[in-house]
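One structure is given below, encoded as C-alpha coordinates.
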Amino acid sequence: MSVPPSSELPLLRVIGDADGAGDRSVTGLGDDALLALHRSLVLMRTYDERSVVYHRQGRVGTYAMFWGHEAIQVGAERALAERDWIFPSYRESAIGLLRGIPAATVLQWWRGHPSGWWDPRASRVASICVPIATHVPHAAGAAWGARLRGEDTVALVFFGDGATSEGAFHEGANFAAVMRAPLVLLCNNNQWAISTPVTAQTAAATLADKAVGYGMPAVRVDGTDVLAVFEAVRNAVSRARAGQGPTFVEALTYRAAPHGTADHPEAYIDPERVEEARRHECLGRFEGYLRRAGLLTDEVAESVRAEALAAMREAIAAAEAEPPGDVSLVFDHAYGVPPQALARDLAELRRIRGGT
Ligand SMILES: Cc1ncc(C[n+]2csc(CCOP(=O)(O)OP(=O)(O)O)c2C)c(N)n1
Ligand SMILES: [Mg+2]
(Lines give C-alpha, C1' and ligand atoms only; values in the text may rest on other atoms or scores of the structure.)
(Ligands and ions follow the chains in the order given, each with its own letter.)
Protein backbone atom coordinates (compact mmCIF):
# COMPACT_ATOMS: atom_id res chain seq x y z
CA MET A 1 0.00 0.00 0.00
CA SER A 2 1.39 3.41 -0.82
CA VAL A 3 0.39 6.42 1.23
CA PRO A 4 1.08 9.90 -0.15
CA PRO A 5 3.24 12.22 1.97
CA SER A 6 0.71 14.13 4.02
CA SER A 7 2.48 17.49 3.78
CA GLU A 8 0.99 17.59 0.30
CA LEU A 9 -2.46 17.42 1.85
CA PRO A 10 -4.62 20.52 1.66
CA LEU A 11 -6.25 21.86 4.81
CA LEU A 12 -9.88 20.72 4.81
CA ARG A 13 -12.38 23.59 5.30
CA VAL A 14 -16.16 23.92 5.10
CA ILE A 15 -16.73 27.36 6.64
CA GLY A 16 -15.53 30.15 4.36
CA ASP A 17 -14.37 33.69 5.02
CA ALA A 18 -16.39 36.28 6.95
CA ASP A 19 -17.99 37.44 3.68
CA GLY A 20 -19.12 33.87 2.96
CA ALA A 21 -16.62 33.19 0.17
CA GLY A 22 -15.84 29.48 0.32
CA ASP A 23 -18.84 28.43 2.46
CA ARG A 24 -20.01 24.89 1.63
CA SER A 25 -22.50 22.54 3.21
CA VAL A 26 -21.94 19.08 4.64
CA THR A 27 -24.17 16.25 3.47
CA GLY A 28 -26.32 14.73 6.18
CA LEU A 29 -26.38 17.82 8.42
CA GLY A 30 -29.78 19.52 8.30
CA ASP A 31 -30.76 22.81 9.97
CA ASP A 32 -31.63 21.13 13.29
CA ALA A 33 -28.29 19.33 13.38
CA LEU A 34 -26.45 22.60 12.66
CA LEU A 35 -28.29 24.34 15.50
CA ALA A 36 -27.56 21.40 17.82
CA LEU A 37 -23.85 21.76 16.98
CA HIS A 38 -24.14 25.44 17.86
CA ARG A 39 -25.73 24.66 21.24
CA SER A 40 -22.93 22.20 21.98
CA LEU A 41 -20.25 24.74 21.06
CA VAL A 42 -21.85 27.34 23.32
CA LEU A 43 -22.15 24.83 26.16
CA MET A 44 -18.47 23.92 25.89
CA ARG A 45 -17.36 27.56 25.58
CA THR A 46 -19.45 28.53 28.60
CA TYR A 47 -18.19 25.58 30.62
CA ASP A 48 -14.61 26.60 29.84
CA GLU A 49 -15.00 30.31 30.56
CA ARG A 50 -16.89 29.71 33.79
CA SER A 51 -14.30 27.16 34.95
CA VAL A 52 -11.57 29.78 34.70
CA VAL A 53 -13.70 32.15 36.79
CA TYR A 54 -14.40 29.40 39.36
CA HIS A 55 -10.67 28.73 39.52
CA ARG A 56 -9.94 32.41 40.15
CA GLN A 57 -12.56 32.32 42.91
CA GLY A 58 -10.83 29.33 44.49
CA ARG A 59 -13.74 27.00 43.76
CA VAL A 60 -11.92 24.60 41.38
CA GLY A 61 -8.25 23.64 41.41
CA THR A 62 -5.79 23.79 38.53
CA TYR A 63 -7.68 23.83 35.27
CA ALA A 64 -6.61 23.23 31.66
CA MET A 65 -8.60 25.51 29.37
CA PHE A 66 -9.81 24.49 25.95
CA TRP A 67 -10.91 27.95 24.78
CA GLY A 68 -10.86 27.93 20.97
CA HIS A 69 -10.61 24.13 20.77
CA GLU A 70 -14.35 23.49 21.17
CA ALA A 71 -14.88 22.87 17.45
CA ILE A 72 -12.50 19.91 17.49
CA GLN A 73 -14.33 18.33 20.39
CA VAL A 74 -17.88 19.05 19.23
CA GLY A 75 -17.26 18.18 15.57
CA ALA A 76 -15.55 14.91 16.48
CA GLU A 77 -18.12 13.77 19.04
CA ARG A 78 -20.95 14.46 16.60
CA ALA A 79 -19.27 12.24 13.98
CA LEU A 80 -19.30 9.24 16.33
CA ALA A 81 -22.17 6.91 17.21
CA GLU A 82 -23.18 6.77 20.87
CA ARG A 83 -21.70 3.28 21.18
CA ASP A 84 -18.25 4.51 20.08
CA TRP A 85 -15.54 5.12 22.65
CA ILE A 86 -13.90 8.46 23.39
CA PHE A 87 -10.47 8.63 25.08
CA PRO A 88 -9.91 12.23 26.21
CA SER A 89 -6.78 13.97 27.43
CA TYR A 90 -7.01 16.72 30.09
CA ARG A 91 -7.66 19.17 27.20
CA GLU A 92 -10.98 17.43 26.52
CA SER A 93 -11.93 17.04 30.18
CA ALA A 94 -15.52 18.19 29.56
CA ILE A 95 -16.18 16.14 26.42
CA GLY A 96 -18.51 13.97 28.54
CA LEU A 97 -20.98 16.88 28.65
CA LEU A 98 -21.75 16.01 25.03
CA ARG A 99 -22.57 12.47 26.14
CA GLY A 100 -24.79 13.47 29.07
CA ILE A 101 -22.21 13.44 31.90
CA PRO A 102 -23.33 16.25 34.25
CA ALA A 103 -21.18 19.39 34.30
CA ALA A 104 -21.13 19.07 38.11
CA THR A 105 -19.31 15.73 37.78
CA VAL A 106 -16.56 17.20 35.62
CA LEU A 107 -16.25 20.22 37.91
CA GLN A 108 -15.83 17.78 40.81
CA TRP A 109 -12.96 16.13 38.93
CA TRP A 110 -11.16 19.48 38.84
CA ARG A 111 -12.09 20.01 42.49
CA GLY A 112 -10.35 16.73 43.34
CA HIS A 113 -13.58 15.24 44.66
CA PRO A 114 -14.28 11.49 44.38
CA SER A 115 -17.66 12.16 42.74
CA GLY A 116 -15.69 13.57 39.81
CA TRP A 117 -15.15 10.03 38.54
CA TRP A 118 -17.66 8.41 36.24
CA ASP A 119 -18.21 4.89 35.01
CA PRO A 120 -16.57 4.91 31.55
CA ARG A 121 -18.72 1.98 30.44
CA ALA A 122 -21.94 3.95 30.93
CA SER A 123 -21.02 6.91 28.70
CA ARG A 124 -18.24 5.31 26.70
CA VAL A 125 -16.03 8.22 27.72
CA ALA A 126 -12.80 6.92 29.25
CA SER A 127 -11.14 8.61 32.23
CA ILE A 128 -9.44 11.93 31.58
CA CYS A 129 -5.82 11.14 30.79
CA VAL A 130 -3.15 13.47 32.17
CA PRO A 131 0.09 11.55 31.41
CA ILE A 132 0.77 12.55 27.82
CA ALA A 133 -0.17 9.95 25.17
CA THR A 134 -0.48 7.03 27.59
CA HIS A 135 -4.13 6.62 26.57
CA VAL A 136 -3.27 6.09 22.89
CA PRO A 137 -2.41 2.39 23.44
CA HIS A 138 -5.51 2.08 25.67
CA ALA A 139 -7.68 3.40 22.84
CA ALA A 140 -5.97 1.16 20.28
CA GLY A 141 -6.53 -1.84 22.56
CA ALA A 142 -10.18 -0.94 23.20
CA ALA A 143 -10.77 -0.58 19.45
CA TRP A 144 -9.03 -3.84 18.63
CA GLY A 145 -10.80 -5.66 21.46
CA ALA A 146 -14.19 -4.50 20.20
CA ARG A 147 -13.34 -5.82 16.76
CA LEU A 148 -12.25 -9.19 18.17
CA ARG A 149 -15.60 -9.44 19.95
CA GLY A 150 -17.36 -8.73 16.66
CA GLU A 151 -18.75 -5.40 17.88
CA ASP A 152 -19.35 -2.57 15.49
CA THR A 153 -17.55 -0.06 17.73
CA VAL A 154 -14.96 2.57 16.89
CA ALA A 155 -12.65 4.36 19.35
CA LEU A 156 -11.42 7.93 19.03
CA VAL A 157 -8.45 9.25 20.96
CA PHE A 158 -7.68 12.95 21.47
CA PHE A 159 -4.09 14.10 22.02
CA GLY A 160 -1.90 17.11 21.33
CA ASP A 161 1.04 17.95 19.08
CA GLY A 162 3.45 17.32 21.95
CA ALA A 163 2.01 13.84 22.43
CA THR A 164 3.27 12.79 19.00
CA SER A 165 6.83 12.78 20.39
CA GLU A 166 5.96 10.24 23.08
CA GLY A 167 6.74 6.54 22.89
CA ALA A 168 3.20 5.63 23.87
CA PHE A 169 1.85 7.50 20.84
CA HIS A 170 4.17 5.52 18.57
CA GLU A 171 3.22 2.22 20.17
CA GLY A 172 -0.50 2.91 20.00
CA ALA A 173 -0.45 4.20 16.43
CA ASN A 174 1.73 1.36 15.18
CA PHE A 175 -0.29 -1.30 16.96
CA ALA A 176 -3.59 0.10 15.65
CA ALA A 177 -2.31 0.18 12.07
CA VAL A 178 -0.80 -3.32 12.17
CA MET A 179 -3.94 -4.79 13.74
CA ARG A 180 -6.25 -2.64 11.58
CA ALA A 181 -7.99 -1.53 14.73
CA PRO A 182 -11.04 0.72 14.25
CA LEU A 183 -9.37 3.79 15.75
CA VAL A 184 -9.39 7.50 14.96
CA LEU A 185 -6.26 9.29 16.14
CA LEU A 186 -7.27 12.93 16.54
CA CYS A 187 -4.36 15.28 17.09
CA ASN A 188 -5.15 18.79 18.27
CA ASN A 189 -2.13 20.58 16.85
CA ASN A 190 -2.42 23.83 18.80
CA GLN A 191 1.28 24.38 18.07
CA TRP A 192 2.40 24.43 21.69
CA ALA A 193 3.24 21.82 24.32
CA ILE A 194 3.21 24.19 27.29
CA SER A 195 6.15 26.44 26.23
CA THR A 196 7.62 24.13 23.57
CA PRO A 197 6.59 25.20 20.05
CA VAL A 198 5.76 22.53 17.49
CA THR A 199 8.82 23.64 15.49
CA ALA A 200 10.99 22.38 18.36
CA GLN A 201 8.86 19.26 18.74
CA THR A 202 9.45 17.55 15.41
CA ALA A 203 11.52 17.73 12.24
CA ALA A 204 8.56 16.44 10.21
CA ALA A 205 6.98 18.98 7.84
CA THR A 206 3.55 18.27 9.34
CA LEU A 207 2.32 16.01 12.11
CA ALA A 208 0.13 14.28 9.54
CA ASP A 209 3.36 13.15 7.86
CA LYS A 210 3.96 10.84 10.81
CA ALA A 211 1.02 8.70 9.69
CA VAL A 212 2.95 7.68 6.57
CA GLY A 213 5.44 5.80 8.71
CA TYR A 214 2.66 3.76 10.29
CA GLY A 215 1.05 3.01 6.94
CA MET A 216 -2.14 4.81 7.75
CA PRO A 217 -3.83 7.64 5.88
CA ALA A 218 -3.92 11.14 7.29
CA VAL A 219 -6.06 14.21 6.83
CA ARG A 220 -5.35 17.80 7.82
CA VAL A 221 -8.28 19.89 8.86
CA ASP A 222 -8.91 23.43 10.07
CA GLY A 223 -9.50 22.88 13.78
CA THR A 224 -11.49 26.09 14.12
CA ASP A 225 -14.06 24.80 11.63
CA VAL A 226 -16.54 22.54 13.40
CA LEU A 227 -18.04 21.31 10.12
CA ALA A 228 -14.68 20.41 8.61
CA VAL A 229 -13.73 18.48 11.75
CA PHE A 230 -17.08 16.69 11.62
CA GLU A 231 -16.59 15.79 7.96
CA ALA A 232 -13.00 14.58 8.44
CA VAL A 233 -13.82 12.49 11.50
CA ARG A 234 -16.96 11.06 9.89
CA ASN A 235 -14.83 9.81 6.98
CA ALA A 236 -12.27 8.35 9.39
CA VAL A 237 -15.05 6.65 11.36
CA SER A 238 -16.53 5.06 8.24
CA ARG A 239 -13.12 3.72 7.22
CA ALA A 240 -12.70 2.27 10.70
CA ARG A 241 -16.18 0.68 10.68
CA ALA A 242 -15.56 -0.78 7.25
CA GLY A 243 -12.52 -2.66 8.61
CA GLN A 244 -9.98 -0.42 6.88
CA GLY A 245 -8.11 0.45 10.07
CA PRO A 246 -7.05 3.68 11.74
CA THR A 247 -6.81 7.23 10.36
CA PHE A 248 -4.71 10.10 11.68
CA VAL A 249 -6.56 13.41 11.76
CA GLU A 250 -4.46 16.52 12.35
CA ALA A 251 -6.68 19.40 13.44
CA LEU A 252 -4.75 22.62 13.09
CA THR A 253 -5.36 25.38 15.63
CA TYR A 254 -3.35 27.85 17.65
CA ARG A 255 -3.47 27.86 21.44
CA ALA A 256 -5.19 31.17 22.17
CA ALA A 257 -5.42 30.62 25.94
CA PRO A 258 -2.77 29.69 28.51
CA HIS A 259 -1.78 26.01 28.79
CA GLY A 260 -3.53 25.94 32.15
CA THR A 261 -4.35 28.17 35.08
CA ALA A 262 -0.75 27.91 36.38
CA ASP A 263 0.79 29.06 33.09
CA HIS A 264 1.97 32.53 32.06
CA PRO A 265 2.34 32.36 28.28
CA GLU A 266 3.33 36.06 28.05
CA ALA A 267 6.82 34.75 28.85
CA TYR A 268 7.08 32.81 25.60
CA ILE A 269 4.15 33.29 23.20
CA ASP A 270 3.69 35.81 20.39
CA PRO A 271 0.79 38.04 21.56
CA GLU A 272 -0.11 39.09 18.00
CA ARG A 273 -0.51 35.46 16.93
CA VAL A 274 -2.76 34.89 19.96
CA GLU A 275 -4.88 37.93 19.04
CA GLU A 276 -5.23 36.62 15.51
CA ALA A 277 -6.31 33.21 16.80
CA ARG A 278 -8.85 34.87 19.09
CA ARG A 279 -10.28 36.85 16.16
CA HIS A 280 -10.75 33.61 14.19
CA GLU A 281 -12.04 31.48 17.05
CA CYS A 282 -14.37 28.63 16.25
CA LEU A 283 -17.65 29.72 17.85
CA GLY A 284 -17.66 33.12 16.14
CA ARG A 285 -16.79 31.52 12.81
CA PHE A 286 -19.64 29.04 13.08
CA GLU A 287 -22.10 31.73 14.21
CA GLY A 288 -21.11 33.77 11.13
CA TYR A 289 -21.81 30.73 8.95
CA LEU A 290 -25.21 30.15 10.58
CA ARG A 291 -26.16 33.81 10.26
CA ARG A 292 -25.22 33.85 6.57
CA ALA A 293 -27.43 30.79 6.12
CA GLY A 294 -30.29 32.62 7.88
CA LEU A 295 -30.34 30.08 10.73
CA LEU A 296 -29.17 32.16 13.69
CA THR A 297 -30.54 35.39 15.11
CA ASP A 298 -29.32 37.51 18.03
CA GLU A 299 -32.29 36.29 20.11
CA VAL A 300 -31.48 32.62 19.54
CA ALA A 301 -27.76 33.18 20.22
CA GLU A 302 -28.58 35.01 23.45
CA SER A 303 -31.02 32.42 24.70
CA VAL A 304 -28.59 29.54 23.98
CA ARG A 305 -25.91 31.39 25.93
CA ALA A 306 -28.29 32.16 28.82
CA GLU A 307 -29.30 28.49 28.99
CA ALA A 308 -25.64 27.40 29.16
CA LEU A 309 -24.85 29.98 31.86
CA ALA A 310 -27.80 28.80 33.94
CA ALA A 311 -26.66 25.18 33.56
CA MET A 312 -23.20 26.15 34.82
CA ARG A 313 -24.60 28.04 37.81
CA GLU A 314 -26.59 24.95 38.74
CA ALA A 315 -23.58 22.69 38.17
CA ILE A 316 -21.20 24.57 40.46
CA ALA A 317 -23.91 24.84 43.12
CA ALA A 318 -24.52 21.07 42.91
CA ALA A 319 -20.78 20.36 43.10
CA GLU A 320 -20.31 22.59 46.13
CA ALA A 321 -23.34 21.12 47.89
CA GLU A 322 -21.67 17.70 48.11
CA PRO A 323 -19.91 16.88 51.38
CA PRO A 324 -16.12 16.63 51.11
CA GLY A 325 -14.67 13.22 50.29
CA ASP A 326 -12.97 11.14 52.96
CA VAL A 327 -9.22 11.81 52.90
CA SER A 328 -8.49 8.08 53.22
CA LEU A 329 -9.40 7.82 49.52
CA VAL A 330 -6.01 9.34 48.72
CA PHE A 331 -4.44 6.16 50.12
CA ASP A 332 -7.09 3.52 49.46
CA HIS A 333 -6.72 1.09 46.57
CA ALA A 334 -2.95 1.57 46.30
CA TYR A 335 -1.89 -1.26 48.64
CA GLY A 336 -3.59 -4.39 49.98
CA VAL A 337 -1.68 -3.85 53.21
CA PRO A 338 -0.63 -0.18 53.48
CA PRO A 339 2.91 0.44 54.73
CA GLN A 340 3.27 1.97 58.20
CA ALA A 341 4.46 5.29 56.76
CA LEU A 342 1.21 5.75 54.86
CA ALA A 343 -0.85 4.95 57.93
CA ARG A 344 1.07 7.69 59.80
CA ASP A 345 0.53 10.14 56.90
CA LEU A 346 -3.19 9.40 56.91
CA ALA A 347 -3.44 9.95 60.67
CA GLU A 348 -1.65 13.27 60.31
CA LEU A 349 -3.87 14.31 57.44
CA ARG A 350 -6.97 13.51 59.47
CA ARG A 351 -5.59 15.55 62.36
CA ILE A 352 -4.89 18.56 60.08
CA ARG A 353 -8.28 18.30 58.38
CA GLY A 354 -10.10 17.98 61.71
CA GLY A 355 -11.24 14.41 61.28
CA THR A 356 -12.76 14.64 57.77
C1 LIG B 1 4.25 11.66 30.25
C2 LIG B 1 4.14 13.10 30.60
N3 LIG B 1 5.22 13.90 30.48
C4 LIG B 1 5.12 15.23 30.77
C5 LIG B 1 3.95 15.75 31.22
C6 LIG B 1 3.85 17.23 31.56
N7 LIG B 1 3.02 17.90 30.55
C8 LIG B 1 1.74 18.24 30.82
S9 LIG B 1 0.99 18.96 29.50
C10 LIG B 1 2.38 18.83 28.55
C11 LIG B 1 2.39 19.34 27.13
C12 LIG B 1 1.54 18.55 26.21
O13 LIG B 1 1.41 19.22 24.98
P14 LIG B 1 0.46 18.71 23.86
O15 LIG B 1 0.58 17.24 23.69
O16 LIG B 1 0.72 19.54 22.66
O17 LIG B 1 -1.01 18.98 24.43
P18 LIG B 1 -1.72 20.37 24.78
O19 LIG B 1 -1.42 20.67 26.21
O20 LIG B 1 -1.21 21.42 23.85
O21 LIG B 1 -3.18 20.10 24.57
C22 LIG B 1 3.41 18.23 29.27
C23 LIG B 1 4.75 18.00 28.73
C24 LIG B 1 2.85 14.88 31.37
N25 LIG B 1 1.64 15.31 31.76
N26 LIG B 1 2.97 13.56 31.04
MG1 LIG C 1 -0.29 21.26 22.02
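The values are calculated or read from the model by the stated rules, or taken from the named source; none is laboratory data. Keep in mind the model is a prediction, meaning the values are calculated, not measured. Positions of Cβ are backbone-derived with ideal geometry, glycine not excepted, and every protein chain shown enters the neighbour counts. Protein only, heavy atoms only, side chains kept; ligands, DNA and RNA dropped before computing areas. Shrake-Rupley method; radii C 1.70, N 1.55, O 1.52, S 1.80 Å.
Subtract the Cα-Cα distance of ALA81 and GLN244 from 0.36 nm times their separation in residues, and report this length gain in nm to one decimal.
On the way: separation 163, 0.36 × 163 = 58.68 nm, distance 1.76 nm.
This chain segment gains 56.9 nm when fully extended.
For the chain, taking Cα atoms only, Rg and Dmax work out to 21.0, 69 Å respectively. Averaging 1/r over each pair of different alpha-carbon atoms in the stretch 256-356 and inverting the result gives 19.2 Å, the Kirkwood hydrodynamic radius.
With the dipole of the chain worked out from charges on the C-beta (+1 for Lys and Arg, -1 for Asp and Glu) around the Cα centre, which of ASN174, TRP67, GLN201 lies farthest toward the positive end? Value: ASN174. Sorting GLU151, GLU171 on solvent-accessible area from highest to lowest, probe radius 1.4 Å, gives GLU171, GLU151.
If you take all other residues with their beta carbon under 14 Å from the beta carbon of PHE87, and give Lys and Arg +1 and Asp and Glu -1, the sum is +1. Taking all protein chains together, PHE169, PHE331, PHE175 sort by accessible area into PHE175, PHE331, PHE169, largest first [probe 1.4 Å]. Label-point separation (nm) for SER195 and ARG39, each offset 7 Å from Cα along Cα-to-Cβ? So the label points at SER195 and ARG39 sit 4.4 nm apart.
Three semi-axes describe the equivalent ellipsoid of the stretch 7-50; taken as square roots of 5 times the Cα gyration tensor eigenvalues and ordered largest first, they are 24, 16, 12 Å.
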